[in-house]
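Asks: Can you keep this structure in mind? I'll have questions shortly.
The values are calculated or read from the model by the stated rules, or taken from the named source; none is laboratory data. No experiment lies behind these values; they were computed from the predicted model shown. Positions of Cβ are backbone-derived with ideal geometry, glycine not excepted, and every protein chain shown enters the neighbour counts. What goes into the accessible areas is simple: the full protein's heavy atoms, side chains included, and nothing from ligands, DNA or RNA. Shrake-Rupley method; radii C 1.70, N 1.55, O 1.52, S 1.80 Å.
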Amino acid sequence: MAPIRVLIVDDTVIVRKLVSDVLEADPEITVAATAPNGRVALQKVPMVAPDVVVLDVEMPVMGGLETLRVLRDEHPHLPVIMFSSLTERGASTTLDALALGARDYVAKPTNTSGILEAREQVREQLVPKVKALGRRRTPSATPPAAPPVRAASGRAARVDAVVVGVSTGGPNALVEVLPALPADFPVPVLVVQHMPPLFTKSLADRLDRASALAVREAADGDVPTPGTVWIAPGGLHLDVVREGGAVRLRTHEGPPENNCRPAVDVLFRSAAAVWGRNALGVVLTGMGHDGRVGAEHLTRAGARVVAQDEATSVVWGMPGAVVRAGLADAVVPLDRVAAEVEDRVARRPALAGTG
């Protein structure tokens with residue numbers, strides 16, 4: 001298999017060198033070219049035919065967002081990964097970029113990071129995303145087989161809470177799913193989106209403005225109320241605990257799982273323990289397999305799990321892992337996820353405790 005060709009666009013020589021060295025150290029990747037700004041990058045794209053573009057957000061001459069708009073017009077299928085600073089402004093601009101069509105983002109090392117720490121951070125965060133997004137899909141001569149779904153066992157229980165796991169492509173997926181849920185949605189929704197601090201607060205604010213539901217960044221001790229969406233804060237796990245007769249959210253710095261904090265598995269395990277078969281799990285687009293083990297806990301408890309299909313996922317890692325493990329009760333395209341969730345929640349019996 002030919003190496004994945006990457007175009008690196010950043011106005012800082014040191015950053016271009018650091019990212020180039022890290023990517024070139026992987027035998028599956030080659031740096032096709034570098035560029036100091038968007039204008040030069042746009043000239044190089046047709047010359048070097050990259051598989052992925054790593055694009056700085058803030059640059060002179062032609063910045064990241066302006067460059068991205070042109071790339072989406074001229075090369076609509078070329079994956080772009082934004083390289084963003086860990087600041088409130090960087091978070092907001094990155095979410096703008098994702099809305100414009102960037103596939104994913106990576107946080108730049110901070111100014112306090114040493115060179116070895118910076119290299120390791122870029123290697124851990126950027127290399128897997130380049131590989132996931134840069135491998136071109138080859139159309140199959142035969143249509144893909146229908147994904148396996150779990151055979152239903154017994155009558156579906158009422159749903160008391162919806163728990164969602166999502167990663168690569170998640171912000172745009174959530175923008176499609178959450179605003180499609182009605183204002184009178186009768187149960188809480190808890191979301192783990194793999195993101196660093198600051199980014200999750202910006203994401204929650206944007207989703208809140210776009211949705212009939214209230215969307216909040218979760219805080220330790222919050223009570224998950226119906227009709228509210230709670231986003232796990234970046235850098236912290238989110239789970240649920242039962243204290244007496246009340247369920248509360250807990251955020252904490254437990255060990256990363258699947259190299260993630262927050263991790264979907266942490267939330268799903270706790271949902272299985274607290275709500276049992278009355279939880280509904282939803283696994284959307286994302287790289288890796290976070291959520292698969294948590295989905296096992298949910299299904300063992302008698303809960304149902306919905307997964308996004310491959311065709312509409314930016315990366316069919318997380319939902320694909322759930323489907324291949326035989327843990328999905330339904331596999332649906334992104335534009336059907338909200339309706340699937342609403343339908344399953346609407347089946348809850350009128351009398352609490354039945355079902």
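Asks: Find out how many positive minus negative residues lie around H237, taking Lys and Arg as positive, Asp and Glu as negative, among other residues whose Cβ is under 15 Å from that of H237.
Replies: With Lys, Arg at +1 and Asp, Glu at -1, the neighbours total -4.
Asks: Write down the accessible area per residue of the chain in Å², having rolled a 1.4 Å probe over the full set of protein chains.
Replies: For the chain, the per-residue accessible area is 43 Å².
Asks: Can you tell me which of 298-308, 336-346, 283-293 comes out highest on packing, and rank the rest after it, using the mean Cβ neighbours within 10 Å?
Replies: 283-293, 298-308, 336-346
Asks: Moving on to the next point. Inverting the mean 1/r over all pairs of different Cα atoms, compute the Kirkwood radius of the stretch 170-317 and quote it in Å.
Replies: Radius from the Kirkwood sum: 15.3 Å.
Asks: For F83, what residues show an amide H to amide H distance below 5 Å, using hydrogens built from the backbone and excluding near sequence neighbours?
Replies: Amide H to amide H, under 5 Å and 5 or more residues apart or across chains, F83 pairs with L55, D56, V57, V106.
Asks: Right, another one. Could you sort out which of K17/K131; K129/K201; K17/K108; K44/K108 sit more than 21 Å apart by Cα distance in this structure?
Replies: In this structure, K129/K201; K44/K108 exceed 21 Å between Cα atoms.
Asks: Counting pairs of alpha carbon atoms under 8 Å apart in space and at least six apart in sequence, what relative contact order in percent does the chain give?
Replies: Once normalised by length, the contact order is 14 percent.
Asks: Note the full-extension length gain between D73 and V241 as 0.36 nm times their separation in residues minus their Cα-Cα distance, in nm to one decimal.
Replies: Result: 55.7 nm gained on full extension.
Asks: Along the charge dipole of the chain, which of A219, V241, G90 sits closest to the positive end, that is, farthest toward it, with unit charges on the beta carbon of Lys, Arg, Asp and Glu (+1, +1, -1, -1)?
Replies: Working it through, the farthest residue towards the positive pole turns out to be V241.
Asks: Treating only the Cβ of Lys, Arg, Asp and Glu as charged (+1, +1, -1, -1), what charge dipole size does the stretch 168-221 show about its Cα centre? Round to the nearest 20 debye.
Replies: Magnitude of the dipole: close to 120 debye.
Asks: Only bridges whose two residues both fall in the chain count here: according to DSSP, what percent of them are antiparallel, nearest 5?
Replies: Percent antiparallel among DSSP bridges in the chain is about 15.
Asks: Could you work out the relative contact order of the stretch 214-355, using alpha carbon pairs under 8 angstrom and six or more residues apart, expressed as a whole percent?
Replies: Rounded, it is 16 percent for the stretch 214-355.
Asks: Right, another one. Out of the DSSP beta bridges found with both residues in the stretch 181-336, what percent are antiparallel (nearest 5)?
Replies: 35
Asks: Would you please put 188-199, 51-62 in order of how densely packed they are, using the mean number of other Cβ atoms within 10 angstrom per residue and starting with the highest?
Replies: Ranked by mean Cβ neighbours within 10 Å, highest first: 188-199, 51-62.
Asks: Next question, about the same structure. Just the ratio, please: alpha-carbon radius of gyration of the stretch 34-113 over 2.2 N^0.38 Å, N its number of residues.
Replies: 1.04
Asks: Whole-Hz Karplus ³J(HN,Hα) for the stretch 314-326, in order, using 6.51 cos²θ - 1.76 cosθ + 1.60 and θ = phi - 60°, x for Gly and Pro?
Replies: These are the phi-based 3J(HN,Hα) values: 5, 9, 8, x, 4, x, x, 5, 5, 5, 5, 7, x Hz.
Asks: Non-local amide H neighbours of T168 (under 5 Å, H modeled in plane, Pro and chain starts lacking H): which ones?
Replies: Those qualifying (amide H under 5 Å, at least 5 residues apart or on another chain) are G286, M287.
Asks: Continuing with this model, one more query. What are the ³J(HN,Hα) values, in whole Hz, obtained from phi via the Karplus relation 6.51 cos²θ - 1.76 cosθ + 1.60 with θ = phi - 60°, for each residue of the stretch 70-85 in sequence order, with x given for Gly and Pro?
Replies: My calculation for the stretch 70-85 gives 5, 4, 5, 6, 8, 9, x, 9, 7, x, 10, 10, 7, 10, 10, 6 Hz in order.
Asks: A further question on this structure: List the residues whose amide H sits under 5 Å from the amide H of W230, counting only those 5 or more places along or on another chain, with H placed 1.01 Å from N in the peptide plane.
Replies: Under 5 Å from the amide H of W230: V189, L190, V191, R216.
Asks: For D184 and E66, FRET efficiency with R0 = 51 Å and r from the beta-carbon atoms, rounded to 0.05?
Replies: Once the sixth-power term is evaluated, E becomes 0.80.
Asks: Can you give the charge dipole size of the stretch 214-353 about its Cα centre, rounded to the nearest 20 debye, using +1 on the beta carbon of Lys and Arg and -1 on the beta carbon of Asp and Glu?
Replies: 420
Asks: Please turn the phi angles of the stretch 275-288 into ³J(HN,Hα) values with the Karplus equation 6.51 cos²θ - 1.76 cosθ + 1.60 (θ = phi - 60°), one per residue in order, whole Hz, x for glycine and proline.
Replies: With coefficients 6.51, -1.76 and 1.60, one gets 9, x, 6, 8, 9, 10, x, 9, 10, 10, 3, x, 8, x Hz.
Asks: Between the alpha-carbon centers of the stretch 171-237 and the stretch 252-312, tell me the distance in whole angstrom.
Replies: If you average the Cα positions of each part, the centres end up 16 Å apart.
Asks: Could you look at the chain and say what percent of its accessible area is carbon and sulfur, using a 1.4 Å probe and all protein chains?
Replies: That share works out to 53 percent.
Asks: Oh, and also: Under 13 Å from the Cβ of P182, count the other residues' Cβ atoms, weight Lys and Arg +1, Asp and Glu -1, and hand me the total.
Replies: Here the charged neighbours net out to -3.
Asks: On to the next question. Angle between the Cα long axis of helix 115-134 and the longest principal axis of the chain, 0 to 90 degrees, nearest 10?
Replies: Rounded to the nearest ten degrees, it is 70.
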